[in-house]
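Notes follow once the structure below has been shown.
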Amino acid sequence: MIAEGLSAALRACRHLVVFTGAGVSRESGIPTFRDAQTGLWAHYDAEQLATPEAFAADPDLVWGWYAWRQALVLGCEPNAGHRAIAALQDCVPKLSVITQNVDGLHQRAGSRDVIELHGSLFQPRCAICAHDAPSAVLQSGEKIPQRLPPPRCPECQGPIRPGVVWFGEMLPEIPWQRAAEAVQACDLLLCVGTSALVYPAAALPMLAAQQGTVVQINPEPTALDEHATFNLRGRAASVLPQLLAQFQP
Ligand code: OAD
């Protein structure tokens with residue numbers, strides 16, 4: 001059940017931002033990071049897998065883990081939440097989709113312009129000279145992570161690394177600027193499936209809350225609860241189609 005005030009705010013919205021985290025892809029079968037039982041960080045050590053130091057120390061371990069994640073994502077499909085976000089493109093004068101996810105599922109659902117704050121599993125590059133490497137090289141098809149030596153850069157022979165942002169790294173400058181501008185210009189932000197714990201990305205919904213309406217969709221409480229105008233406790237694939245329906249006559 002969508003509150004009357006929220007329904008009116010959605011229909012009046014001129015610039016909508018949808019900001020997403022791992023929860024939006026949960027119902028596609030992709031694990032989140034911090035969910036207690038199923039989250040990736042409950043089973044794997046981020047310090048051994050998701051830092052530049054980890055890649056320098058053991059590139060085969062890190063490359064194999066990301067190859068496994070890429071194969072996992074390629075075996076999954078966008079869900080009704082991703083599709084509802086794509087459909088919102090035709091419902092508001094301006095829509096900006098900003099994601100912390102690296103899985104490409106928004107694009108596969110039809111979202112045309114997605115700001116990827118944490119990079120992509122599908123854009124590996126050379127760790128030394130940053131030369132773009134073909135995405136196909138990452139695939140492993142393994143059911144569980146296996147060690148896998150990273151391919152070598154055709155330009156400088158350096159190791160190819162996953163095109164994601166690791167802990168301790170800066171966010172890519174242009175996506176970050178575009179995201180900050182969109183959030184400052186929007187009148188409503190939908191925050192979907194993120195624990196809102198990882199900065200600087202988590203600052204974006206907080207910033208939006210200072211000047212506009214923030215609607216959070218998450219089955220669990222998060223760090224954003226006290227800042228959000230509306231907290232919708234539910235799953236992305238159920239709640240987003242209900243929000244989309246508010247735009248239909
Ligand atoms: P988290 O794993 O921290 O949070 C996922 C959120 O999704 C939680 O708040 C869940 O309650 C919620 N959730 C679970 N199922 C859901 C569903 N069906 N519908 C809606 N919400 C659901 O993931 P992120 O917040 O995305 O960064 O994590 C942020 C960053 O931390 C990631 O981009 C990644 C990670 O470490 C890097 O690797 C740099």
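Tabulated data for the structure shown
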item: Subset of the range 94-119 (residues that are over 15 Å from LEU190 (Cα atoms) and of a type in the set (Lys, Arg)); result: ARG108, ARG112
item: VAL102 being crowded, with 21+ Cβ neighbours inside 10 Å and farther than 21 Å from PRO219 by Cα; result: yes
item: Residue identified as closer than 24 Å to ILE30 by Cα, in contact with a His (Cβ under 9 Å, 6 or more places away or on another chain) and within 15 Å of the ligand (Cβ to nearest atom) among LEU204, LEU224, LEU190, LEU171; result: LEU171
item: Count - residues of the range 113-129 that are farther than 19 Å from GLN177 by Cβ and in a loop (DSSP other than H, G, I, E, B); result: 6
item: Pair list, Cβ < 8 Å and 6+ apart or interchain, from the range 87-105 residues that are more than 25 Å from GLY29 (Cβ to Cβ) to residues that are assigned to a loop (DSSP other than H, G, I, E, B); result: CYS91/PHE247; VAL92/CYS13; VAL92/ARG14; VAL92/PHE247; PRO93/ARG14; LYS94/ARG14; SER96/ASP113; SER96/CYS186
item: Residue selected from the range 106-126 under the condition among the hydrophobic types (A, V, I, L, M, F, W, C) and touching a residue at least 24 places away in the same chain (Cβ under 8 Å), by the criterion farthest from the ligand (Cβ to nearest atom); result: CYS126
item: Qualifying residue in the range 64-79 (condition: touching a Pro at 6+ places or on another chain (Cβ under 9 Å), modelled with pLDDT of 95 or more and open to solvent by 60 Å² or more (accessible area, probe 1.4 Å)); result: no
item: Residues of the range 12-44 satisfying the condition of being of a type in the set (Val, Ile, Thr) and either open to solvent by 10 Å² or more (accessible area, probe 1.4 Å) or under 18 Å from GLU220 (Cα atoms) (or both); result: THR20, VAL24, ILE30, THR32, THR38
item: Residue check, ALA9 hydrophobic (A, V, I, L, M, F, W, C) and surrounded by 18 or more Cβ atoms within 10 Å (Cβ to Cβ); result: yes
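The values are calculated or read from the model by the stated rules, or taken from the named source; none is laboratory data. Remember, it's a predicted structure, so these values are computed and weren't measured experimentally. As a convention, Cβ positions derive from the backbone with ideal geometry for all residues, glycine included, and neighbour counts pool all protein chains shown. Heads up: the accessible areas ignore ligands, DNA and RNA and are worked out on the full protein's heavy atoms, side chains in. Shrake-Rupley method; radii C 1.70, N 1.55, O 1.52, S 1.80 Å.
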